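Taking it in order: structure first as structure tokens, then the write-up.
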Amino acid sequence: MITAYIGVGSNLERRKHIEAAIVELSQIGENLRLSSIYECDAVGFNGEAFYNLVVEMKTSMKLTDFSRALRKIELKWGRKEDAAKFEPRTLDLDIILFGDEISSAEPKIPRDDIYQYGFVIQPLSELCPNLVVPNDGRTIAQIFQQANHPEVLSKVLRWF
């Protein structure tokens, strides 16, 4: 089994879509652990604030199959097939880490969002602060401590 870390986000009917994502992820993997849910402003466009969290899960799927499964979930819950990067979305599921895998092809693993967005590294640091990022050598906690993210995150009460 591979340990995968999935970034989950929604800024349209947020609670409904975050809950749907957790149910759907539990059907394609096991031993799910959830970070706190954070609210932050949309980045790169004007839109409603997002709910974001990171899910740790075990899967026996290969990376390409796992990526396809996440895409199917996004589409099932209303994500447009041709959705642009910076626009509102019902559900966004991004593979952040996938075991020790390193991939420069799509999906890029480790995902660059680790270094770019507080709404990825902060919840990730809750789940696995001592995990060493493949191809980097630093732990999640070290990356989080060295990060300089301008967005403001507000913790949302966990309702799960």
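The values are calculated or read from the model by the stated rules, or taken from the named source; none is laboratory data. Quantities reported herein were computed from a predicted structural model and do not represent experimental measurements. Positions of Cβ are backbone-derived with ideal geometry, glycine not excepted, and every protein chain shown enters the neighbour counts.
Data for the structure
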quantity: Filter result for Ile37 (at pLDDT below 95, among the β-branched types (Val, Ile, Thr) and buried (at least 16 other Cβ atoms within 10 Å of the Cβ)); calculated: yes
quantity: Residue satisfying condition, being without any contact (Cβ under 8 Å) to a residue 40 or more places away in the chain, of a type outside the set (S, T, N, Q), surrounded by 14 or more Cβ atoms within 10 Å (Cβ to Cβ) and not in a loop (DSSP other than H, G, I, E, B), within set Phe144, Phe119; calculated: Phe144
quantity: Qualifying residue in segment 27-41 (condition: without any contact (Cβ under 8 Å) to a residue 40 or more places away in the chain and of a type in the set (Val, Ile, Thr)); calculated: no
quantity: Residue satisfying condition, being modelled with pLDDT under 95 and crowded, with 21+ Cβ neighbours inside 10 Å, within set Phe50, Phe98, Phe86, Phe45; calculated: Phe50
